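Here the structure is laid out as structure tokens; the discussion comes afterwards.
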Amino acid sequence: MKIEEIIKSNITLKDAKKVILNILYTQNVINDKFNEILKPNDLSSEQYNVLRILRGQKGSPANMCVIQERMLAKNSNTTRLIDKLLLKKYVTREVCPNNRRKIEVLITQKGLDILTDLDPKVEEHEHFFAANLEAEELEKLNYLLEKYRNIK
């Protein structure tokens, strides 16, 4: 369905505006479906992102700056996210022995287990949205989105 039909616009939209609207609308559709996957586990997409970042550390702790710079949503409150994950016992947080100003965060086995449970559901989610596109189209879409985003 075209974006004009979705937003019930009866005026002709310029292509630049249609691209923005399409991206924003598509992001919301993807996020809504993704949140359905996370909801039974009482996780937000940002909390899930933090857990994925920490799993990628392969047993090494990450400080708050590392987590923040790897977040998809750069405006996330990393401290608040870590606090919530601590309450769920998905992470541990300790003061770095070499630098007391530095906080180190490590994923727990419980955090790893929840990701292992979610992995096939997330992969199914990704395949669901990619199903209408050929491999070459997916590659082209990634290229175009990266080109669109990287403003000079």
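The values are calculated or read from the model by the stated rules, or taken from the named source; none is laboratory data. This one's a predicted model, so the numbers in the text were calculated from it and none came from an experiment. For neighbour counting, all protein chains shown are included, and Cβ atoms are generated from backbone atoms with ideal geometry for every residue, glycine included. Side chains are part of the model used for accessible areas, which takes the heavy atoms of the whole protein and leaves out ligands, DNA and RNA. Shrake-Rupley method; radii C 1.70, N 1.55, O 1.52, S 1.80 Å.
To the nearest 10, the accessible area of Leu141 is 80 Å² with a 1.4 Å probe.
The figure for Val122 is an accessible area of roughly 10 square angstrom, using a 1.4 Å probe on the protein chains alone.
Ordering Cys65, Cys96 by accessible surface, largest first, gives Cys65, Cys96; the 1.4 Å probe counts only protein heavy atoms, with every chain in place. Estimated from the Cβ-Cβ distance and a Förster radius of 30 angstrom, the FRET efficiency linking Ser44 and Asn99 is about 0.55. Within the listed set Lys58, Lys17, Lys84, the residue fluctuating most in the Gaussian network model of the chain (springs between alpha-carbon atoms under 10 angstrom) is Lys17.
So if I average 1/r over every pair of distinct C-alpha atoms in the chain and take the inverse, what Kirkwood radius in Å does that give? List each step's numbers first, then the result.
Numbers: mean 1/r = 0.0557 Å⁻¹.
After inverting the pairwise mean of 1/r, the radius is 18.0 Å.
Basic side chains Lys and Arg get +1 at the Cβ, acidic Asp and Glu get -1 at the Cβ, and with that the dipole of the chain about its Cα centre reaches some 900 debye.
Would region 98-140 count as rounded, prolate or oblate if I go by the C-alpha gyration tensor, calling it rounded below 1.5 in a/c and otherwise prolate when a/b exceeds b/c, oblate otherwise? Taking the square roots of the gyration eigenvalues as a ≥ b ≥ c, region 98-140 is oblate. In the full protein context, region 1-144 carries 71 Å² of accessible surface per residue, based on a 1.4 Å probe and ignoring ligands, DNA and RNA.
Averaging sequence separations of C-alpha pairs under 8 Å and six or more residues apart, then dividing by the length of the chain, give the relative contact order as a whole percent.
19 percent
With the full set of protein chains in place, find how many percent of the accessible area of region 56-152 is carbon and sulfur; take the probe as 1.4 Å. That share works out to 53 percent. A straight Cα-to-Cα reach below 19 Å connects Lys121 with the aspartates and glutamates Asp32, Glu36, Asp42, Glu46, Asp113, residues fewer than 8 places away in its own chain not being considered.
Take every Cα pair under 8 Å whose residues are at least 6 apart in sequence, average their separation, divide by the length of region 33-121, and the relative contact order is 31 percent.
Using 19 Å as the Cα-Cα cut-off, could you pick out the over-long pairs in Lys33/Lys110; Lys33/Lys140; Lys17/Lys147; Lys33/Lys74; Lys39/Lys89? Walk me through the numbers on the way to the answer.
On the way: Lys33/Lys110 24 Å; Lys33/Lys140 24 Å; Lys17/Lys147 17 Å; Lys33/Lys74 21 Å; Lys39/Lys89 17 Å.
Checking Cα-Cα distances, Lys33/Lys110; Lys33/Lys140; Lys33/Lys74 exceed 19 Å.
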